[in-house]
Amino acid sequence: MKRKTSIHLLFFLVLSVKIFSQTADNPELQKMADDDQNARKASNINWMILSKEDSLRRARIFVLLKENKVNTAKDHFNSGIVFQHGGDTISSGMAVKSFETALKLDPNLNRWWYAAAVDRHLMHQNKPQIYGTQYIKDVTTNNKWARYKIDATKVTDEQRRYYGVESLKEQEEKEREMNLIPLADAYISHPSIDQLISFIISEHKKGLKSTYNTSENEINSFGYQLVREANINDALKIFKLNIQLYPNAWNTYDSYGETLLKVNKKKEALENYKKSLELNPDNENAKKVLGPQTN
């Protein structure tokens, strides 16, 4: 009787390992996706080397597919991240297929990647994009950014919103912002953060006539640039300014709260996280920081 029990237990353990091996995310795919993204965050990218690395990653995924080692939603999602950077229709088609499969398995994954993959695949076929995720440098207008040609009839703004893509009107504003001067340039010409803040406010008041980018996202990104440079106090002033200019934007409070935690101002940080969650109940970062307080 004892022996039978041992055999049954051994069988159960073997079966559990087999099931786990089929459902656990593939760490190799995760690493490839991380490497793909991190390589593009580096300064002074050697595109010849990166292109070769991209090619090797794509080739490896084809091997993993043949070996049935691409199984989970995250596996397919990570495969899509790697495939999307291929410069041919085979790669772009595989990216679309990968993201599509990933979202079928887990609809909670970032849907924007699927829309972007569809647009890139259409671009590689010299067809208009349909969501509006792709922007290119226009050589006919002094290398200014321009949204790649789009067939606006194929997808509604409601569908765009579902996939985390801006509306057509918002895309036009995004194109304008992409051609504005970044705040990092203004930072160089203003010796103090207080002078820079005054300049940002004056530019913001100009609205569509401004020449510098004072959008919520730009100010937020500049704030994180200061954090990376260890200018925490200046960053706090920039994040606070962002809240003043965009009081209904949940991410401004989230970023301010995150930076306040870095200087141990916990009470004030939590207040900002609460405000962020109030504006966006789906803010998982705020939920994680607040913990039981969110219940």
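Quick note: the coordinates plus some simple rules give every number you see, no bench work behind them. Predicted model only: the values in this text are computed from it and were never measured. Please note: Cβ atoms are built from the backbone with ideal geometry, for glycine as well, and neighbour counts cover all protein chains shown.
Quick rundown of the values:
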quantity: Cleavage-rule hits (GluC sites (Glu not before Pro)) in region 189-238: DSSP loop, at most 16 neighbouring Cβ within 10 angstrom; calculated: E229
quantity: Label-point separation, Q159 to Q195 (7 Å along Cα→Cβ), nm; calculated: 5.2
quantity: Label-point separation, N38 to E278 (7 Å along Cα→Cβ), nm; calculated: 3.9
quantity: Gained length - T211 relative to K66, 0.36 nm times residue gap less alpha-carbon distance; calculated: 47.0 nm
quantity: Full-stretch length increase - L261, A230 - with 0.36 nm per residue and alpha-carbon distance subtracted; calculated: 9.7 nm
quantity: Relative packing of 264-277, 137-150, which averages over residues the other C-beta atoms within 10 Å, highest first; calculated: 264-277, 137-150
quantity: Cβ-Cβ FRET estimate between N110 and L180, R0 fixed at 30 Å, reported to 0.05; calculated: 0.70
quantity: Tensor-based shape of region 48-178 (alpha-carbon gyration tensor, a/c under 1.5 rounded, otherwise prolate or oblate); calculated: oblate
quantity: In sequence order, calculated HN-Hα J values of region 125-141 (Karplus, 6.51, -1.76, 1.60; Hz; x Gly/Pro); calculated: 9, 6, 10, x, 6, 10, 8, x, 8, 9, 10, 9, 7, 8, 5, 7, 10
quantity: Helix-only mean residue ellipticity at 222 nm for the chain, each DSSP H run of n ≥ 4 adding -39500 (n - 2.57), per residue, nearest 500; calculated: -20500 deg cm²/dmol
quantity: Segments 208-215, 77-84 sorted - mean Cβ within 10 Å per residue, highest first; calculated: 77-84, 208-215
quantity: Pairwise FRET efficiency - I49 versus K144, Cβ, R0 = 30 Å, nearest 0.05; calculated: 0.55
quantity: Rounded if a/c under 1.5, otherwise prolate or oblate - the chain, Cα gyration tensor axes; calculated: oblate
quantity: Lys pairs under 19 Å by Cα in region 48-178, provided they are eight or more residues apart or on distinct chains; calculated: 17
